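Where a number appears in this text, it was derived from the coordinates with a stated rule and is not lab data. Note that the coordinates shown come from a computational prediction; the quantities given were computed from them, not determined experimentally. Heads up, the Cβs are rebuilt from the backbone with ideal geometry, glycines too, and the neighbour counts pull from every protein chain shown.
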Amino acid sequence: MLLIIDNYDSFTYNLYQFFGELGSDIRVIRNDDLMVKDIKSLSPEKIVISPGPCTPSEAGISTELITQIGQYVPILGVCLGHQCIASAYGAKISNAGEIIHGKTSKISHDGKGVFAGIPNEFKAIRYHSLAVQ
């Protein structure tokens, strides 16, 4: 089962739709609905931590979940979820130098990891106010 942690963001259900199209068995829970021990008992195979309108310290169980089971369960973080992963492993989260909401940027990469099979140089829409240092 793929568990999506919803950090009170409307984009959560875009992720749900996407992973559902891939045939995933999905469960969505809000970041304050369960405790980490409850999530452990669900035995998720994978976890996605959603975007949200706050900082990692305000994202319910998201960061604690990463520190407690991140070494055992693959976790993908999107926006705030990414910031929670970075924070859990000691990175500093700060205000972005420039707030970018709904603007496109050209993305280039090395074709490895999550970028394997993705064309090098593509346009992506960006929405963020915080940055990982």
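Points worth noting:
- Beta bridges per DSSP with both ends in the chain, % antiparallel, nearest 5: 45
- In nm, spacing of pseudo-spin labels at Phe115 and Lys37 (7 Å Cα→C-beta vector): 4.3
- Distance between modelled label sites at Gln68 and Leu22, nm, 7 Å Cα→Cβ extension: 2.5
- Simple point charges give the picture: +1 on the Cβ of Lys and Arg, -1 on the Cβ of Asp and Glu, and for the chain a dipole about the Cα centre of about 300 debye.
- Whole-number D in µm² s⁻¹ for the chain, Kirkwood Cα-pair radius fed into Stokes-Einstein, 25 °C, 0.890 mPa s: 157
- Taking every C-alpha pair closer than 8 Å and separated by at least 6 residues, the mean separation divided by the residue count of the range 24-107 gives a relative contact order of 28 percent.
- Between the range 72-105 and the range 12-62, the alpha-carbon center distance in angstrom: 15
- Unsatisfied cross-links (Cα-Cα over 28 Å) in the set Lys92/Lys112; Lys37/Lys92; Lys37/Lys123; Lys46/Lys103: Lys37/Lys123; Lys46/Lys103
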